[in-house]
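Some notes on the structure that comes next.
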Amino acid sequence: MAIPHPVPFGPLARRAAFATPDAGRGAAPAEDPYRSSVTLTVNGTPHRLTLDNRTTLLDALREHLHLTGSKKGCDHGQCGACTCTVNGTRINTCLSLAVMHDGDRIETIEGLGSAQALSPMQQAFVARDGFQCGYCTPGQIQSACAVLEEIRANIPSHVTADLTAPVQITEAEIRERMSGNLCRCGAYANILAAIRDVAEAQA
Amino acid sequence: MMDFDQPAGDSRIDLSRILGQPATRIDGPLKVSGAARYAYEQHDVLEGQKVGYPVLATIARGRITAMRTTAAAAMPGVIGIVTAPEVGKMPKPFAFNVAPLFGGDEVVHYHQAIAVVVADSFEEARAAAARVEVDYAGETGGFDLHGLWPERREDARDPVARVGDFEAAFAAAPVRLDHDYSTPAHSHAMMEPHATLAHWQDGRLTVWTSNQMVEWARTGLASTFGLSEDQVRVISPYVGGGFGTKLVLRADAILAAQAARRLGCPVKVALPRPAVMNNTSHRAATLQRIRIGAEADGRITAIAHTALSNTLPGGRGENAVDQSRWFYAGAHRLFVHHLGEMHLPESNAMRAPGEAPGLMALEIAMDEMAEKLRMDPVAFRIRNDTQVSPEDPDKPFSDRHFSECLTRGAEAFGWSDRPLRPGSRRDGDWMLGWGVAGAYRGGPAMTSGARLRLQPSGRLLVETSMTDIGTGSYTILAQTAAEVLGLPLEAVEVRLGDSDLPASAGSGGQWGAASATAGVYAAGLALRTEIARRLGVNDADTLVFEAGTVRGSDGARSLADLAAEGEIVAEDAIRFGDFRKRQIVATFGAHFVELGVHALTGEIRLRRMLAVCDAGRILNPVTARSQVIGGMVMGVGAALMEEAAIDTGRGFFPAHDLAGYEVPVHADIPVQEVIFLDTADASATPLKAKGVGELGLCGVAAAIANALYNATGVRVRDYPLTLEHYLDELPA
Amino acid sequence: MKPFSYHRASDAAQAVARAAELPGARFIAGGTNLLDLMKLGIEAPAHLIDVNGLGLDQITETPAGGLRIGTLVSNTALSADDRVRRDYPLLTRAIAAGASGQLRNKATTGGNLLQRTRCPYFYDTAMPCNKRLPGSGCAASTPGAVTRPLGVIGTSQACLATHPSDMAVALRALDAEVGTLSADGARREIPLESFHRLPGAMPEHDTVLRPGELITHVTLPAPVGGRQLYHKVRDRASYAFALVSVALILQPDGTGRVALGGVAPKPWRRPEADAALPRGAGAVMERLLEGARPLSGNAFKIPLATRTLAALLKEAA
């Protein structure tokens, strides 16, 4: 089985030529109860994939679409390195099956901005040195963008004192809401500074 | 080879036009856009990559008596299974490895890798690995360090060092301290699990792996697989954190390489997160006893530090006493380190090995001693500062400004306003406490090489096998090359992490930045010499390299023009001479912390942290500061939460994932400030630089423990400082 | 993870019918705990029935003046609902104290109640565990075991584990009910009090749900008012399971309700202990934790619970 793929995408096109795990076993996707077809719209581009049902959204991105910016730090929802935005909401892509995202819009770090054209949050992370080894970084940036949106959407957090007043962008709110993204290099203070810069620029 | 055999004199480097300036990371745009490719992400380099998933032993010690793989091998997508008994015992890859990584039927620790299942996909490999059945003949063993302690605590045989007559001096001292301290096992918990893609072609092995030490990894793979070193290539351009556990090869590399060879296809293996803690390495737990005797004026006359740490047989444990030999003065001294051999997973180096847990204890003891002496803990430390080795008055420190770290820090932190009496300051229900601790970490340097290529485009390419594990190597090496050749930083590109490039010091022991920049400096001087030769100039020192040009007595030429005639290449390495060993090259610091302890619930919340560092020339204040604040975060973890709890009946770490082993999160970290003293250590390297990557961690946890005492009046000597240690002693 | 077939259901009746046809089927909604466990081989369903298309994601007002929360309402949406924030702030506080923003965005109301324990021995499939593999024994009760995260009350010889949910502790204090649907069309409204089971000799059953029974909603009774506070004590400041958590509803007359998390196999409440509230935290805890059997590593949870309640009483006063 070659992965049917409508878009000319270098690495994937090459993989389609050799990644034929089911070849020789004659299992057509439609007849195989353990595989499903799914359309993921990733960074604006629809991708039709037929996947092992066990494939997480994270592995669909990393192993099938070769979008390796989203990281696998724990694969169990304990680190946040895999954080992406799905239909406008950040989630841990390691704890979600790809087949459950048919028709969903997924934004990965690659869609946020390239090395040549960084988004404001990515620029702020560089300017504030909000990372060291870089492995948690795409997830931190995805969360950073989402956190500001969540505060503006008036979603309360553990440190929100008054639940009936509009939530404010404060350092305590940012720290609490970013806590699902571990950084063992310990860049937290610089990440906070980067988010604060972007929040101020947006204000 | 450039020999660094005398202290560096004044040089152009002292101008620090580019080096020493706050440049942002040149690898930053790649990392923040997800374009930096880590070991497991090398889709483009090879076709036909297969996925390996490890099978792990579920006993602490014993022998595999049977392994049934038929059912697993018949699972969909499975290409092959390679088992440890079938491969047979393999040589230990490298001197610093303690546990066998793979091969044979003997199990020496829980989660030792005993097979790898290779399949077309990750999902298939994982499912099949779960179907491998193993029978063991288990052996029992002791796994409780505390059981060994009562005897070892008193045992002063085989000291690490003994000077004078400690026992007599201690007995005679008017003020004495004698306490036990403990630190638990710690897990490196870097964000990128160990991962390797291995490929064999024509008897040559190439691995894309996540490793701090490319040269050691190459040596290890060569010895494991019976190859010459030039038959092995190790590529490690990005490393998602290491902190010591990626200093040497781990099972991912051996499993991937072994499977790739046997199955004839490229194989990639990432250790599942729940395997990392027991399969790889950890910082050993320590039990420590510290005795200090002093005169009433605060001068230490006797100091002894004894420690016990766990290790597999043949390992070195965690030498928590070594820094105490050099940190404070005192005529009569005794230092002993005992190994508690047991079949827990491998204990091995983790960031600031020895110093981190040693200072967690020593710097509480210093606080306690200051209190006994009714002295300011800052003043007590300054009283016992020294400019020479406490073991040998003829051996000086090359450049030591510890007292200045303390005084600068005290001033910046407002230390004079601290709560003098424990438990005396409140903010509502929060009891406030301030703490201070000293930091000490050696300043090692290792041979390191580099090649510089001035390209026809005028751009300069730096090539070295050095790694960047988050330390900022890409950036500071570019700054070094730019400084030496008088080029703007934007004109320099850096290639790292490839054993085909000139051998470097690698990243570890806080030697990386100092050594590798010295190597690039040497190569830079070699390139200047080569340029001089092309210009027909005998002495390169008569040329001025500035703003992309080289200027001599007969005018200036742009480097781009020169290289347009053909790439100009030079390679060299730095070698550190013995003169360095006649003094002590080390780094120093002071940490200040303010925290609150909730009087009812006992919860601790940090309010602010300050580090003052004396580490020679700071090569880049942006990346150096990040190293220090990162160390401070790890110190917060060590103080407040990190504990690889041991099941002493079964001999393993049961809570072996990132939910069970807690590391600090954003919400734990307050405002952090870092001050670098403006120092330059001429005996350190030609650039007068030392490392800061481990210094930032040293002493942090003790500063927090001391602040906890200052807040509550409860002295906790066992880490982590979780609330069961002091809850009952808080006000009701 | 074993292979499984994947099915989408479009309404609740179809979902339970499908589950009845497919032995070994499990419902999946957010998946944040189920997938975690499937990856480790702790759960191994043969079929997954995706219930995200059931439309049960609304919060509506009940004739009794309470709220009916659809099982698919995400933790984030529930915590952010204006009615919940105003009338059931305890629930918002408890949800916000749990997990991370990413997880709360995906985790659902029904799924949260079905979270399994975080006992490290449950999580390591090489270890005996009666909850994971009935009859295999309890690794946590053998000498040398790590016991700090385990329960102090309601546990049994067979199992020492705690229930990890924060949300459920608030729901317990609010006297919520769990609405379910079975394949035969039967609907049940199960008081939260009896929804989670104590382990006894059968720790493999966390709840009273029957095979194939689907949670469709959670009902909150009319608001009870009062000061509503939730305090979770953990080793780090966020994104960690509770050592102890305390839910308090305190009325102006000094009466109220108390429930605990982190100490027992289910959200822990004894209404008779509430009666002691006017006499202070110690008096409440004496009754609430009467019969506790703390272990060497977690005896501190008892004074910690008392102190945490004292802190909340002080704050609420």
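For the protein assembly as shown, the dipole from Cβ point charges (+1 on Lys and Arg, -1 on Asp and Glu) about the Cα centre works out to 1320 debye, to the nearest 20. Across region B:45-353, the volume of the C-alpha convex hull divided among the residues equals 136 Å³ per residue. Under a 5 Å amide H cut-off, with hydrogens placed 1.01 Å from N, A:VAL159 pairs with nothing among residues at least 5 apart or on other chains.
Among all helices in chain B defined by DSSP H, which have a length of 15 Å or more along the axis from Cα atoms plus a Kyte-Doolittle mean of at least 0.5?
B:251-263, B:473-485, B:621-640, B:700-712
Other residues whose C-beta falls under 12 angstrom from the C-beta of B:PHE676 contribute a net charge of 0, scoring Lys and Arg +1 and Asp and Glu -1.
With only the Cα atoms considered, region C:145-300 has a convex hull volume of 131 Å³ per residue. With the convex hull drawn over the C-alpha atoms of chain C, the volume per residue is 127 Å³.
In order along region B:299-316, phi translates into HN-Hα couplings of 6, 6, 10, 8, 9, 9, 9, 10, 9, 10, 9, 7, 7, 5, x, x, x, 9 Hz, rounded to whole numbers, per the Karplus curve 6.51 cos²θ - 1.76 cosθ + 1.60 with θ = phi - 60° and x for Gly and Pro. Provide, for q = 0.09, 0.10 Å⁻¹, the log10 of I(q)/I(0) from a solvent-free Debye sum over equal Cα point scatterers in chain B. For chain B at q = 0.09, 0.10 Å⁻¹, log10 I(q)/I(0) is -0.84, -1.02. Positive end of the dipole of region A:120-202 (Cβ unit charges, origin at the Cα centre): among A:ALA199, A:SER179, A:TYR135, the Cα lying farthest that way belongs to A:TYR135. Of the residues B:ALA379, B:MET277, B:ALA74, the one whose Cα sits farthest toward the positive end of the charge dipole of the protein assembly as shown, with +1 on the Cβ of Lys and Arg and -1 on the Cβ of Asp and Glu, is B:ALA74. Modelled label positions at C:ALA299 and B:ASP728, each set 7 Å beyond Cα in the direction of Cβ, lie 0.6 nm from each other.
A straight line joining the Cα centroids of region B:319-339 and region B:423-502 runs 31 Å.
From least to most packed, judged by other beta carbons within 10 angstrom and beginning with the fewest, B:GLU154, B:GLU215 follow the order B:GLU154, B:GLU215.
Stokes-Einstein, applied to the Kirkwood radius of region C:107-227 over Cα pairs at a viscosity of 0.692 mPa s and 37 °C, places its translational diffusion at 210 µm² s⁻¹. Taking amide H positions as modeled 1.01 Å from N, with prolines and chain starts lacking one, the residues under 5 Å from B:MET2 and 5 or more places away or on another chain are B:ALA573, B:ILE574, B:ARG575.
Computed over the Cα atoms of region B:460-516, pair by distinct pair, the Kirkwood hydrodynamic radius stands at 11.3 angstrom. Computed from the Cβ-Cβ distance with R0 of 51 Å, the FRET efficiency linking C:ARG86 to C:ARG210 stands at 0.90. The shape of region A:29-111 can be summarised by an equivalent ellipsoid whose semi-axes, obtained from the alpha carbon gyration tensor, come to 20, 15, 10 Å from longest to shortest. With r as the distance between the Cβ atoms of B:ALA71 and B:LEU227 and R0 = 30 Å, compute the FRET efficiency 1/(1 + (r/R0)^6) and round to 0.05. About 0.30, to the nearest 0.05. Between B:GLU151 and A:ASN154, the modelled label-to-label distance comes to 7.0 nm, taking each label 7 Å out from Cα in the direction of the beta carbon. The phi torsions of region A:73-80, fed into the Karplus equation with coefficients 6.51, -1.76 and 1.60 and a -60° offset, translate into couplings of x, 9, 6, 9, x, 10, 9, x Hz, rounded to whole numbers, with Gly and Pro shown as x. With N as its number of residues, region A:120-202 has a Cα radius of gyration that, divided by 2.2 N^0.38 Å, comes to 1.05. For region C:227-316, the calculated P(r), taken from all Cα-Cα distances in 5 Å bins from zero up to the bin holding the longest distance, is 3, 15, 28, 27, 16, 8, 3, 0 percent.
Among B:HIS725, B:HIS343, C:HIS205, the ranking by other beta carbons within 10 Å of each residue's beta carbon, starting with the fewest, stands as C:HIS205, B:HIS725, B:HIS343. Computed from the C-alpha gyration tensor, the three semi-axes of the ellipsoid equivalent to region B:589-666 are 29, 19, 10 Å, from longest to shortest.
Inter-chain neighbour count for A:88-99: the average number of beta-carbon atoms from partner chains within 10 Å of each residue's beta-carbon is 6. For the pair C:GLU286 and A:SER37, a Förster radius of 51 Å applied to the C-beta separation gives a FRET efficiency near 0.25, rounded to the nearest 0.05.
Using a simple charge model, +1 on the beta-carbon of Lys and Arg, -1 on the beta-carbon of Asp and Glu, nothing else, what dipole does region B:169-308 show about its Cα centre, in debye to the nearest 20?
Working: 14 positive and 10 negative charges, 70 e Å.
In total the dipole reaches around 340 debye.
Based on the alpha-carbon gyration tensor of region C:47-103 and its eigenvalue square roots a ≥ b ≥ c, which shape applies: rounded if a/c is under 1.5, prolate if not and a/b is larger than b/c, or oblate?
oblate
Peptide B:593-603 has a mean shielding of 5, counted as Cβ atoms of other protein chains within 10 Å of each residue's Cβ. Dimensions of the protein assembly as shown based on its C-alpha atoms, expressed as ranges along the principal axes with the largest first, amount to 97, 79, 66 Å.
Amide H to amide H, with H built 1.01 Å from N, A:CYS84 comes under 5 Å of A:ILE91, A:THR93, counting only residues 5 or more places away or on other chains.
Every number here is computed from the coordinates shown, using simple stated rules; none is lab data. Source: prediction; values computed, not measured. Every residue, glycine as well, gets a Cβ built from its backbone with ideal geometry; the counts of neighbours run over all protein chains shown.
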